[in-house]
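Q: The structure under discussion is supplied below as structure tokens; questions concerning it will follow.
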Amino acid sequence: MMMPFERYLAAVCITAASMTAVGAAETEQAVDIAIIAAQIRSQGYSCANPTSAESIAAESGPNEPVYLLRCENASYKVRLVPDQAAKVTLVE
């Protein structure tokens, strides 16, 4: 069984491998989605088939970006904080 960090690395590697098949902007978005989804999963949240991760510039701060992560089963507002767990809020 894979540990959370190993799952995170696997998601990043799979996404990186697909970089040659899509444009740079699309690749960056795919990496963002995979990384953010892996982070919240490692914190115990369910995110089946993540579809988008939109930046929320109005709520983002220096070194603390905020994203709206949409998954098949739920949507989350995710604040990424360096060296800490992400701050995750379920969006109804």
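The values are calculated or read from the model by the stated rules, or taken from the named source; none is laboratory data. Computed from a prediction, not measured in an experiment: that's the story for all the values here. FYI the Cβ positions are ideal-geometry reconstructions off the backbone, even for glycines, and counts take in every protein chain you see. In case anyone asks, the SASA skips ligands and DNA or RNA and just uses the protein heavy atoms, side chains included. Shrake-Rupley method; radii C 1.70, N 1.55, O 1.52, S 1.80 Å.
Q: When only residues in the stretch 83-92 that are farther than 12 Å from residue 39 by Cβ and of a type outside the set (Ser, Thr, Tyr) count, which is most open to solvent (accessible area, probe 1.4 Å)?
A: If we take residues in the stretch 83-92 being farther than 12 Å from residue 39 by Cβ and of a type outside the set (Ser, Thr, Tyr), then 92 is most open to solvent (accessible area, probe 1.4 Å).
Q: Sort through 8, 45, 76 and tell me the only one that's modelled with pLDDT under 95 and either crowded, with 17+ Cβ neighbours inside 10 Å or among the basic types (Lys, Arg) (or both). Step through it out loud before you land on a result.
A: Numbers: 45 fails: modelled with pLDDT under 95; 76 fails: modelled with pLDDT under 95.
One residue alone meets the criteria, 8.
Q: Looking at the structure I just gave you, is residue 66 aliphatic (A, V, I, L, M), touching a strand residue (DSSP E or B) at 6+ places or on another chain (Cβ under 7 Å) and surrounded by fewer than 15 Cβ atoms within 10 Å (Cβ to Cβ)?
A: no
Q: May I pose another question? With respect to residue 53, is the statement that it is in contact with an Asp or Glu (Cβ under 9 Å, 6 or more places away or on another chain), at pLDDT 55 or above, open to solvent by less than 40 Å² (accessible area, probe 1.4 Å) and aliphatic (A, V, I, L, M) true?
A: yes
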